[in-house]
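Where a number appears in this text, it was derived from the coordinates with a stated rule and is not lab data. Since we're looking at a predicted model, the values are computed, not measured. Cβ sites come from the backbone with ideal geometry, for glycine too, and all protein chains shown count toward neighbours.
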Amino acid sequence: MAEFKQIKIRIWQDNWFLSLNPEEKLLWFFLLTNQNAHISGLYELPKPLISPLTGIKDWNKILLKFIKDDKILYDNKWIFIINKIKHQPIGGNFKDNVQKSIKKHFEENKEILANLKKIIKPLTSPYKAPLEKEIEIETKKEIEIETKTLSPNGDDMEIIPNLLKDKQIHIQIIGLYAKAKKVIFTSKEHQNTFIRRNLKSASNLKNYDFDKIIDTMQYLIINADFKWTLETVEKYIDENLTNLNNKNINLDNI
């Protein structure tokens with residue numbers, strides 16, 4: 001295993017993590033950083049080390065809470081941290097190495113992962129999206145969009161601001177939405193109209209963690225059978241998406 005483990009500092013803005021008590025937070029960090037932890041999130045949990053290293057006696061009860069919260073799969077020996085993959089570094093050549101390692105690990109332990117899924121409940125393969133590119137929405141610092149476009153008369157270049165680099169959080173959210181909907185701005189006026197149209201919903205979402213917003217957009221891309229909007233994201237942002245995974249949402253839900 002690697003000599004160091006990475007944890008995104010954004011965890012301190014995650015609503016679920018902040019809702020945990022100190023022992024639950026400590027155990028979560030142990031799951032992410034212990035000597036057996038794998039970048040895929042799937043590994044054999046070193047149970048004998050939990051109490052000595054953390055001081056937590058009733059750790060099994062906390063694991064059951066994590067299962068209930070749809071954060072892990074656990075069978076008394078192996079554990080799978082469901083959202084571990086999406087928090088791995090994705091830049092440059094390192095991205096390919098990470099994906100190769102994860103694919104190899106899943107292949108070597110496919111029966112274990114399958115058994116974990118049977119023990120808890122069926123999921124829609126949360127680890128597949130980063131590997132198979134079902135959708136591609138990345139964090140605000142990892143997304144680059146084209147910011148130059150020909151002006152209507154074609155004589156010069158008009159610089160269109162990158163919304164994802166804006167200092168205002170609600171404008172960044174509108175940028176994420178534009179990226180998710182694959183909107184290509186043809187002019188500053190086009191962009192400003194788009195901003196005005198989505199300003200209210202973006203403002204209502206600005207207190208949510210970006211990962212939560214992205215997860216909700218991802219869910220709508222895959223499951224919504226209607227033309228969803230940023231208002232739809234606002235509607236579903238507090239839903240437990242894992243519980244909704246087997247339900248295609250439609251206009252009757254709106």
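For the cross-link pairs LYS8/LYS104; LYS167/LYS200; LYS84/LYS212; LYS167/LYS235; LYS8/LYS181, the ones whose C-alpha atoms lie over 19 Å apart are LYS8/LYS104; LYS167/LYS235; LYS8/LYS181.
Could you pull out the GluC sites (Glu not before Pro) across the range 1-43 that fall in loop regions by DSSP (anything but H, G, I, E, B) with no more than 15 other Cβ atoms inside 10 Å?
Listed in order of number, the matching sites are GLU3.
When LEU163, LEU18 are sorted by how many other C-beta atoms sit within 10 angstrom of their C-beta, beginning with the fewest, the order is LEU18, LEU163. Residue separation of LYS104 and ASN192 scaled by 0.36 nm, minus their Cα-Cα distance, works out to 27.1 nm of gained length.
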